[in-house]
Each structure stands twice: as C-alpha cells, then as structure tokens.
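Below is one structure, written out as structure tokens; comments come after it.
The values are calculated or read from the model by the stated rules, or taken from the named source; none is laboratory data. Here the structure is a predicted model, which means the values were calculated and not measured. Here the Cβ is made from the backbone with ideal geometry for all residues, glycine too, and neighbour counts use every protein chain on show.
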C-alpha cells in the first residue's frame, strides 16, 4: 500500500513539473483572452473553461454590474510580460506586468461612454488544477494599479446593480 502511495505521489509531482513556465504563461493569456471576450459580449459563461469557480463567480458579478449600467467593457491587452512563476504544492503563481486599454460601450449602439483608459498593472495569477485542467483560481494586484482614467466611470443607481438587494423602504415594525 505504501509503495502505491509513493508511486501516485511521484506521478502527481511529475505532472506539476510538466506544467512548464511557458504553459503557465499560456494559461494566463488564455484567461485574459476569455475575460476580454466575456466582458465585450456580456457573457460570463465564456470564462468557465479558464477560471476556477470563485474567480468565475467574481467575473460574473462584475460583468453583471456593467450590463446593469447598460454598457459592456471593450478592452485590449496591449502588453503582458511575465516577471516570475512560483510553485507551491498545489498552486502555480504567475507574476506579470501588463498594459491595457479600456472603453465602456453602450449596449445596442456601441457608442463609447465616458473616458477611455490606458492602465498598467503588476498582477499575480494563482493557477490550480480544477477538474483536471489548469485554471486561474484567483487574481490580485501585486502593487497598486496605475489607472489612466481621471473621471468616475459610468454609474448606475445602487438599487439596480446586479446582485444588490434593495433595502426596505421603511424600517420593519418592532415585535410586541
């Protein structure tokens, strides 16, 4: 029994080693391409092949907020360079430097809403095997983003935002 466990552990580690730095970068690029298309088309299901469940849920909410505002996000990845790839027992973290261009567009007309923005990010992407496939399970800024937009983007009233529960109009009566 112990021999089988060692063999399985060795095979698992071998599988992690086969996931090269180039494979990790390719996973991040595929994730970004899917996220771009999901925002542009207002279809969060497009990220499911490349995002873990929690990351996909976060993107679904964010895309939903845009749709609630009557806009989609038109984005373009201008530059992505990999600073490092770190490995732990269960995850691979890809650290990148990126440049993006963003425009909000009105649903139906494609008209640009508000300012465009050119932003620079220092990002960390955590990758993990989900259902046998390497996916992005979490993203975060490694340092504060540099955002080019100087105006507050298009906003919707809080009571129509995706997933926001409207507060009651009056406080509930106290029980007697």
State yes or no: is residue 89 modelled with pLDDT under 90 and either under 19 Å from residue 22 (Cα atoms) or surrounded by 14 or more Cβ atoms within 10 Å (Cβ to Cβ) (or both)?
-> yes
Would you mind stating whether residue 21 is over 17 Å from the mean Cα position of the chain (by Cα), at pLDDT 95 or above and surrounded by 12 or more Cβ atoms within 10 Å (Cβ to Cβ)?
-> yes
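Table: residues versus (1) over 20 Å from residue 55 (Cα atoms); (2) in contact with a strand residue (DSSP E or B) (Cβ under 8 Å, 6 or more places away or on another chain).
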{"site": "99", "(1), (2)": "yes, yes"}
{"site": "105", "(1), (2)": "yes, yes"}
{"site": "108", "(1), (2)": "yes, no"}
{"site": "117", "(1), (2)": "yes, yes"}
{"site": "120", "(1), (2)": "yes, yes"}
{"site": "131", "(1), (2)": "no, no"}
{"site": "136", "(1), (2)": "no, yes"}
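Matching residues to (1) touching a residue at least 24 places away in the same chain (Cβ under 8 Å); (2) part of a helix (DSSP H, G or I); (3) in contact with a helix residue (DSSP H, G or I) (Cβ under 8 Å, 6 or more places away or on another chain); (4) over 24 Å from residue 146 (Cα atoms):
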| residue | (1), (2), (3), (4) |
| --- | --- |
| 37 | no, yes, yes, no |
| 66 | yes, yes, yes, no |
| 76 | yes, no, yes, no |
| 96 | yes, no, yes, no |
| 103 | yes, no, no, no |
| 116 | yes, no, no, no |
Boolean, residue 129 is buried (at least 16 other Cβ atoms within 10 Å of the Cβ) and either within 20 Å of residue 58 (Cα to Cα) or at pLDDT 95 or above (or both) | yes
Quick check, is residue 110 within 26 Å of residue 150 (Cβ to Cβ) and either touching a residue at least 12 places away in the same chain (Cβ under 8 Å) or more than 17 Å from the chain's Cα centre (by Cα) (or both)?
-> yes
Leading residue by the ranking (surrounded by the fewest Cβ atoms within 10 Å (Cβ to Cβ)) among those in the stretch 132-142 that are in a strand (DSSP E or B) and touching a residue at least 24 places away in the same chain (Cβ under 8 Å) = 133
